Each structure stands twice: as C-alpha cells, then as structure tokens.
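Below is one structure; the comments refer to it alone.
The values are calculated or read from the model by the stated rules, or taken from the named source; none is laboratory data. Source: prediction; values computed, not measured. Here the Cβ positions follow ideal geometry from the backbone for every residue, glycine too, while neighbour counts run over all protein chains shown.
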C-alpha cells in the first residue's frame, strides 16, 4: 500500500516478475495510478485511500511523498513543493479484500507517508479475530524532513508499531531495513518487519 508508480521503489515488482506473485497495489494519487496501469502489472490496482470511517478525503499530490492532508505532519510538509490537493475516494480494507476474495496475505508492504497507524487501526479487529491474516509486514516508519531523519518522531512511530503488534498478538519483530549502508538502530532505519508466529 502506497504503490507510488508501481515500479520505482517497488517492494513487490521483483516478487511478481521472478516468482509469479500477484496482489493488490493501492495508491491514492490518480496520476501515479495511470503509470501503474501502463506497466500492465499482474496485480489488482485500487486508486483510493483506506479508511473504515471516511468515504473520501483530501490528498496532497506530491509524487512519491504525497499524503493524506490531515495526516501530513510538519516535518513531512517541509518536503512538499506542490501543495495541490485533490479529493480521493476511501474504502474499507475488509470490503476490498472481500471483493478480491483474499483474506490470507503473504506480504503486506505499508508505506503511506504517515498514515500507517490509521491503516493498521482500521483492520485491528480483523487481525485479532483472524478474519484477515498477514504473514509478513514491512512498514515504513522513518520521518524525513527533506534533509535529515527526524529521529525522535521516527522512534515514536516505531514504538507505536511495536505497541500495536504487541496488543494484537501473534507477531514478532523480525528486523529493520534500510538503504544499502544505512543505520538499522531503532529510530534510524527506514522500515520495520513483523512476522506472524
């Protein structure tokens, strides 16, 4: 989720091309959705945001760093050059996976520029009940202001993710991921990986 253009920075294209993976790409920016469509990926594509409360929301279009307007923190806003805002539809994640007929997800990549906890909270009950099963999560948590990692904010996001997965149970933190020579200490890495036990 947070598919960008379906190719650059993709966590799933290699799985699709080398291992016949199929899945669901979700991106709120309609310009990027058109780029995904042009790639003819072997995956469903949804151009929307995920919410169990909203039916539409304001989205700031800004390439790879676009975000839901109400969720863009001050650090994230420092990076955004164009503040063009559009209205995008929102769908409930449970409705979406029921529509495509998939309740067991092998890999869930969550990179939505600050809205990660909103997405997770929207499916909390389904994860606890087993209505939705996810084997592996990779979740971006680093807060970047365009020049540097905002360590305190990044660390807090990581802690929130740890609390969430601790509360729902059935997951362990596997590792943290970074760029090639990055620092994988708490608050410094790019993504955290949780694995179902």
Of all residues making up region 65-86, the number that are without any contact (Cβ under 8 Å) to a residue 40 or more places away in the chain, in contact with a helix residue (DSSP H, G or I) (Cβ under 8 Å, 6 or more places away or on another chain) and not in a loop (DSSP other than H, G, I, E, B):
1
When you scan region 116-129, do you find a residue that is modelled with pLDDT of 90 or more, in a loop (DSSP other than H, G, I, E, B), in contact with a helix residue (DSSP H, G or I) (Cβ under 6 Å, 6 or more places away or on another chain) and surrounded by 20 or more Cβ atoms within 10 Å (Cβ to Cβ), even just one?
yes
Within region 136-157, is even one residue touching a strand residue (DSSP E or B) at 6+ places or on another chain (Cβ under 6 Å), surrounded by fewer than 19 Cβ atoms within 10 Å (Cβ to Cβ) and either free of Cβ contacts under 8 Å to residues at least 40 places away in the same chain or closer than 30 Å to residue 61 by Cα (or both)?
yes
Search region 188-197 for residues being modelled with pLDDT under 95 and assigned to a loop (DSSP other than H, G, I, E, B), and hand back the single one that is surrounded by the fewest Cβ atoms within 10 Å (Cβ to Cβ).
188
Anything in region 3-20 that is touching a helix residue (DSSP H, G or I) at 6+ places or on another chain (Cβ under 9 Å) and in contact (Cβ under 8 Å) with a residue 12 or more places away in the chain? List them, or say none.
3, 4, 5, 6, 7, 8, 9, 13
Mind checking which residues of region 56-66 are surrounded by 20 or more Cβ atoms within 10 Å (Cβ to Cβ) and either modelled with pLDDT under 80 or over 21 Å from residue 9 (Cα atoms) (or both)?
57
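Considering each of 40, 53, 18 in turn, give the residue that is surrounded by fewer than 17 Cβ atoms within 10 Å (Cβ to Cβ), within 19 Å of residue 123 (Cβ to Cβ) and modelled with pLDDT of 85 or more. Steps first, answer last, please.
Details: 40 fails: within 19 Å of residue 123 (Cβ to Cβ); 18 fails: within 19 Å of residue 123 (Cβ to Cβ).
Being surrounded by fewer than 17 Cβ atoms within 10 Å (Cβ to Cβ), within 19 Å of residue 123 (Cβ to Cβ) and modelled with pLDDT of 85 or more holds for just one of 40, 53, 18, which is 53.
Restricting to region 93-115, and then to whatever is in contact with a helix residue (DSSP H, G or I) (Cβ under 8 Å, 6 or more places away or on another chain) and part of a loop (DSSP other than H, G, I, E, B), can you tell me which residue is surrounded by the fewest Cβ atoms within 10 Å (Cβ to Cβ)?
As a first pass, look at region 93-115 and keep what is in contact with a helix residue (DSSP H, G or I) (Cβ under 8 Å, 6 or more places away or on another chain): 93-94, 103, 105, 107, 110, 112-115.
Filter once more, so that each one left must be part of a loop (DSSP other than H, G, I, E, B): 103, 112-115.
On the way: 103: 14, 112: 23, 113: 23, 114: 20, 115: 23.
Of everything passing the filter in region 93-115, 103 is surrounded by the fewest Cβ atoms within 10 Å (Cβ to Cβ).
For the condition free of Cβ contacts under 8 Å to residues at least 24 places away in the same chain and on the phi > 0 side of the Ramachandran plot, what is the one hit in 130, 170, 182?
130
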Tally time: how many residues in region 56-78 are farther than 22 Å from residue 124 by Cα and out of contact with any strand residue (DSSP E or B) (no Cβ under 7 Å at 6 or more places or on another chain)?
9
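Okay, residues lined up against (1) closer than 17 Å to residue 119 by Cα; (2) within 15 Å of the chain's Cα centre (by Cα); (3) part of a strand (DSSP E or B):
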| residue | (1), (2), (3) |
| --- | --- |
| 134 | yes, yes, yes |
| 147 | no, no, no |
| 158 | yes, yes, no |
| 167 | yes, no, no |
| 172 | no, no, yes |
| 175 | no, no, yes |
| 186 | no, no, no |
